[in-house]
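The values are calculated or read from the model by the stated rules, or taken from the named source; none is laboratory data. This is a predicted model, so every value here is computed, not measured. Cβ placement follows ideal geometry from the backbone for every residue including glycine, while neighbour counts extend to all protein chains displayed.
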Amino acid sequence: MKTKYLDKRGWRRLLQSDYHEKIIQYEGEKILTGIIEIRKVRSPLTVPILNQTVLVCDDGFRWLQILPQNRNYSLTVMYDEHGQAVQYYFDINIKHFLEPGKARRVDVYLDVLALPDGRYELVDEFDIRRAKKRGEVSKKQFDFAYRVADEVMGGLEKDFNQFERMASHCLKQLDMKK
């Protein structure tokens with residue numbers, strides 16, 4: 001497991017970016033939300049999802065980071081240079097910390113990727129299995145990660161728009177800061 005900061009500090013792909021964050025309330029839940037304004041990247045990033053290749057990081061993209069206090073996942077919504085969502089990336093976390101300037105999460109390898117049309121897939125199962133085999137993840141943490149991933153996928157199937165609404169609210173709150 002790794003501790004990862006929401007502001008992507010140390011990510012060598014980013015050559016020039018701005019980041020700002022804010023703690024907000026959404027439907028009674030405290031959320032630390034941040035936005036990475038990607039100005040210049042070393043090279044574009046594409047990822048495979050559902051048998052297609054999606055460009056998720058390039059000059060002019062924005063990454064909205066959402067860290068809900070009462071959920072064991074964080075959500076990154078990746079927007080292209082035209083402001084269109086290209087991917088919803090759910091990181092499954094053992095725990096996270098809503099500390100402005102130091103917001104971070106303890107990532108447990110397993111992720112759920114979703115396209116803007118609501119189709120999704122579970123990824124990085126090889127990584128969590130390898131970590132379990134090496135003793136880096138306990139059986140309890142392994143089972144917990146799959147339980148949280150199942151909850152996320154169930155939420156995507158039941159009402160994908162709930163994540164779009166949350167992201168829209170967070171983005172508006174951040175844009176009001178400008």
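Of note:
- Looking across region 43-62, the residues that are assigned to a loop (DSSP other than H, G, I, E, B) and at negative phi come down to SER43, PRO44, ASP58, ASP59, PHE61.
- Just so you know, in region 63-84 the residues that are of a type in the set (S, T, N, Q) and part of a strand (DSSP E or B) include one that is nearest to GLN52 (Cα to Cα), and it is THR76.
- Test for ASP124: is it in contact (Cβ under 8 Å) with a residue 12 or more places away in the chain and out of contact with any helix residue (DSSP H, G or I) (no Cβ under 8 Å at 6 or more places or on another chain): yes
- In region 22-33, the residue that is farthest from PHE163 (Cα to Cα) out of those that are assigned to a strand (DSSP E or B) and out of contact with any helix residue (DSSP H, G or I) (no Cβ under 8 Å at 6 or more places or on another chain) is ILE23.
- Scanning region 4-50 for residues that are touching a strand residue (DSSP E or B) at 6+ places or on another chain (Cβ under 9 Å), within 30 Å of PHE142 (Cβ to Cβ) and surrounded by fewer than 12 Cβ atoms within 10 Å (Cβ to Cβ) yields ARG9, PRO48.
- Within the option set GLN87, GLN141, being touching a residue at least 40 places away in the same chain (Cβ under 8 Å), part of a helix (DSSP H, G or I) and closer than 21 Å to TYR5 by Cα holds for one residue only, GLN141.
- Considering region 89-116, and only residues there that are among the hydrophobic types (A, V, I, L, M, F, W, C) and in contact with a helix residue (DSSP H, G or I) (Cβ under 8 Å, 6 or more places away or on another chain), the residue that is surrounded by the fewest Cβ atoms within 10 Å (Cβ to Cβ) turns out to be ILE94.
- The residue list ARG134, ARG119 contains one member that is basic (Lys, Arg), modelled with pLDDT of 95 or more, under 21 Å from ILE49 (Cβ atoms) and surrounded by fewer than 17 Cβ atoms within 10 Å (Cβ to Cβ), which is ARG119.
- Taken over region 32-50, residues that are more than 13 Å from TRP11 (Cβ to Cβ) and hydroxyl-bearing (Ser, Thr, Tyr) amount to 2.
- Of all residues in region 163-174, at least one satisfies being surrounded by 11 or more Cβ atoms within 10 Å (Cβ to Cβ), within 19 Å of LEU50 (Cβ to Cβ) and modelled with pLDDT of 95 or more.
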